[in-house]
Amino acid sequence: MKRMFENLFAPQGFDEDTDFLPFISIEEGEDNQGKEDFPEVMPFLALKNTVLFPGIVIPITVGRDRSIKAINKAYEDGKVIAVLSQKDSDMEEPMSADLYEIGTVARILKLLRMPDGTITAILQGRRRFSLVEILREMPYLEGKIRLLEYIEAENKLEFEALVSSILDLAKQIIELSPNIPSEAMVMLRNISNTSFLLNFIASNMSAKIPVKQKLLEFDDLGEKANQLLLQLNNELQLLELKDQIESKVRVDIEKQQRDYFLNQQLKTIQEELGQNPHEAEVGELITRAKKKKWAKEVEDTFNKEFNRLRRMNPQVAEYSVQMNYLDLLLDLPWEVYTKDNFNLKRVKVVLDKDHFGLEKVKERILEHLAVLKLKGDMKAPIICLVGPPGVGKTSLGRSISKALKRKFIRMSLGGLHDESEIRGHRKTYIGAMPGRIIQSIRKAKASNPVFILDEIDKVGKDFRGDPSSALLEVLDPEQNITFHDNYLELEYDLSKVLFVATANSLSTIQPALLDRMEIIEISGYSTEEKVEIAKRHLIPQQRIEHGLEAKHIKLKTSVITRIIQEYTRESGVRSLNRRIAGVMRNIAKKVAIEEAYNVTIKPEELPSILGPSRFSKDMYQEVNVPGVTVGLAWTQFGGDILFIESSLSKGKGKLTLTGNLGDVMKESATTALSFIKAHSEELGIDNSYFEELDIHLHVPEGAIPKDGPSAGITMLTALTSLLTKRPVKPFLAMTGEITLRGKVLPVGGIKEKLLASKRAGMQEVILCKENKKHVEEVNAAYLADLKIHYVGNMEEVLDIALMK
């Protein structure tokens, strides 16, 4: 609702919105409409961007030829004309189909002829009508009409309440609109005719033509009032939101002006007192810069940026950005290195004390230190420790830094998606900061720390970039001497940093990144190794954390072994550590309440402390039925034995595989059967078996997915045993991949598989002869009483495995 008291006779074109316009007098409204007679046929006038309501007076400028002829004809005949609104305001020559069917009969109050040939007419709406038919379209629109009457609201009380609500909303809109004078409300209060009041408000509200046309078409005054109330509510919400935005902007501007004024006052006061905090900051930068020993390029960059800072106004946002950048330059340890510990014997003692086993890693660190001691300068190696969770990869990095007396940094890469996390953001961006590599070096205050890149196999990749590609520069000894950070915009030497990456799997690491690292595989711990780790590290640590002393609890080897075998199933020792903590909590409670208990825990007491056994021991059960063999499998929890069963039934030679097997394992079974068919005569198998009998091969524990080629010789042995009816030798396990020619190929996870076979009570194991080198890496004490057969082809396997 705008322009309430604009000049009544101000000319308005069709393409101009007509908002809040005044009327001549209330008496000229709809009170006297019923007394007027209008002809059934009259000229038509098409309006572009407005809707004429009964009782409302509007000035219009008539410029189109047909419209001028129509209004002249109407003025001559009786000064009444039928007014319809156009559906499309861009239509210059509208026909009958382009007009709404309901409009208003208007009386022409005044006609003014302009020098440019246009006509300004003052129209007053009198009665609504419905178009019956168009009689002619040239030279002007003329048609037949039917007058419409309003239907009074049935519920008078409800209707009065609606009108009252409409007036209240109109009052609020007038208050929120700066262009509408407050006297407009007095004007609205003086309108007694409700239908005219509704038409007046509808005509002057800020709504689109289709909305106003819909309000004009309502016959029922109650429905019309409801729809008008809804539209006014929408307009009020829009005005309130606009008012809130303007108020917020006004407050922000006032606050900025106030802050500027107070800052200027503060600056003046500080200058009078000889205190200037910005000068103090600048002076501190100069003092720190004098103590730095850095390359000329870095020094030149610092001086350039420092001079730029001095020219800046401290109040501008760029000042703090520039200050942060200079702080970074001063905080970075340019050519600052900690002194390495070259006492190799002490380093070995520290590494052995902190970690049991992991001999390969310890040996590699000692070799690096030995060369560094002899040569005096050497690029640090990029080591990647690969192994299952909980074997001590991350904690080993801390031990290395402790042994070398270097600073320690750990950076987790798990879930990292943004390349800027590695290389930083350009300092032109708001909130820019250096990458995490430079940030970590800044915290370490030395350029040769031990830097752990944890979970490097879990780096993500998306639209924000590929962090693993950014790591190529970091982990390449030939490139990281000139590492470039986007924020720093200077080359930084990372060649002295000892990077140690950790991963659970190599399959997800980018090949180019993998090529830059020295891979050291850490296999899972055997039961014997876990017992030693528990005795040396876990039990003393948990005893201290639970406030216990050595006299309060004693755990024998048999108890620790039972906890490992029946309460944990893992390659590392995390779960074991939690179970030991559970035992310590139980004892701590008894000590606290002074309850009597056995200091030496017995194996039979474990169920009352830790609950029933969670895992059953994988013990071998002797089977003399043909077609059943024992394989060896590698899992993320270590090694395991795997039974493979087969049976024959009448059929047509179909091979059925069950047990949740993967594609590779299914292919191994198919290859094994093809080999047997090709060598059936040598093996003494009747060829009719393959046409008259179906073979079913099953691997138990079907809920667990199984895959890999290492069960090849096990499947072939099971099928040969079944078809020749020769049982497999008891207490014998095997693992190896087969080819269609009957060759046996090497497989991985040998240590875990051998320990699993020993744990299950097996006495003999068949392996590929090329796996002999892997067996030699296993501590011979762990393989005592286990006979290992090395084979090269399937004939050797069958000779050893099948009983005569």
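The values are calculated or read from the model by the stated rules, or taken from the named source; none is laboratory data. For clarity, every value in this text was computed on a predicted model and none was experimentally measured. Here Cβ is always computed from backbone atoms with ideal geometry, including for glycine, and neighbour counts include all displayed protein chains. To get the accessible areas, we keep the full protein, side chains included, count just its heavy atoms, and leave off ligands, DNA and RNA. Shrake-Rupley method; radii C 1.70, N 1.55, O 1.52, S 1.80 Å.
A few comments on the model shown:
- Flag for R426 being touching a residue at least 60 places away in the same chain (Cβ under 8 Å) and not acidic (D, E): yes
- Of all residues in region 723-746, those being open to solvent by 20 Å² or more (accessible area, probe 1.4 Å) and of a type outside the set (S, T, Y) number 12.
- Some residue of region 487-494 being at negative phi and either in contact with a Pro (Cβ under 8 Å, 6 or more places away or on another chain) or part of a helix (DSSP H, G or I) (or both): yes
- A Cβ distance below 7 Å, combined with a sequence gap of six or more or placement on separate chains, defines the contacts here; from region 91-109, residues that are within 20 Å of E137 (Cβ to Cβ) and at pLDDT 85 or above reach residues that are aromatic (F, W, Y) and part of a strand (DSSP E or B) in the pairs G103/F129; V105/F129.
- Set N199, N226: member being in contact (Cβ under 8 Å) with a residue 60 or more places away in the chain and open to solvent by 10 Å² or more (accessible area, probe 1.4 Å): N226
- The residue that is nearest to F499 (Cα to Cα), among those in region 340-365 that are without any contact (Cβ under 8 Å) to a residue 40 or more places away in the chain and surrounded by fewer than 16 Cβ atoms within 10 Å (Cβ to Cβ), is E363.
- One residue alone among R136, R113, R107, R128 is farther than 11 Å from F44 by Cβ, basic (K, R), open to solvent by 30 Å² or more (accessible area, probe 1.4 Å) and in contact with a Gly (Cβ under 9 Å, 6 or more places away or on another chain), and that residue is R107.
- Given (1) open to solvent by 60 Å² or more (accessible area, probe 1.4 Å); (2) outside any loop (DSSP other than H, G, I, E, B); (3) within 26 Å of F408 (Cα to Cα), index of the condition N577 fails: (1)
This table checks each residue for (1) aliphatic (A, V, I, L, M); (2) modelled with pLDDT of 50 or more.
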position	(1), (2)
P11	no, no
L21	yes, no
E30	no, no
D37	no, yes
M42	yes, yes
I56	yes, yes
V62	yes, yes
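- Within region 556-568, the residues that satisfy the criterion of being crowded, with 17+ Cβ neighbours inside 10 Å and out of contact with any helix residue (DSSP H, G or I) (no Cβ under 6 Å at 6 or more places or on another chain) are Q565, E566.
- Test: residue in region 227-239 that is of a type outside the set (D, E) and modelled with pLDDT under 75: no
- The residues on offer are I58, I145, I81, and the sole one that is assigned to a strand (DSSP E or B), touching a Pro at 6+ places or on another chain (Cβ under 6 Å) and within 29 Å of G222 (Cα to Cα) is I81.
- Screening region 205-214 for residues that are part of a helix (DSSP H, G or I) and out of contact with any helix residue (DSSP H, G or I) (no Cβ under 9 Å at 6 or more places or on another chain) and picking the one that is least open to solvent (accessible area, probe 1.4 Å) gives Q213.
- Per the listing E240, E254, E217, E246, the residue uniquely in contact (Cβ under 8 Å) with a residue 24 or more places away in the chain, among the acidic types (D, E) and either within 27 Å of L176 (Cβ to Cβ) or open to solvent by less than 40 Å² (accessible area, probe 1.4 Å) (or both) is E240.
- Of all residues in region 520-554 being loosely packed, with under 15 Cβ neighbours inside 10 Å and touching a residue at least 40 places away in the same chain (Cβ under 8 Å), the one that is nearest to P388 (Cα to Cα): E521
- Residue in region 432-448 that is free of Cβ contacts under 8 Å to residues at least 60 places away in the same chain, farther than 24 Å from A295 by Cβ and of a type in the set (A, V, I, L, M, F, W, C) present: no
- Subset of region 139-178 (residues that are without any contact (Cβ under 8 Å) to a residue 60 or more places away in the chain and open to solvent by less than 50 Å² (accessible area, probe 1.4 Å)): L167
- I750 fulfils the conditions (1) modelled with pLDDT of 90 or more; (2) among the β-branched types (V, I, T); (3) closer than 18 Å to P709 by Cβ; (4) out of contact with any Gly (no Cβ under 7 Å at 6 or more places or on another chain) except for a single criterion, (1).
- Residue in region 411-433 that is of a type in the set (F, W, Y) and either closer than 22 Å to Y325 by Cα or open to solvent by less than 10 Å² (accessible area, probe 1.4 Å) (or both) present: yes
- When restricted to residues that are open to solvent by 90 Å² or more (accessible area, probe 1.4 Å) and modelled with pLDDT under 85, region 583-601 contains 2.
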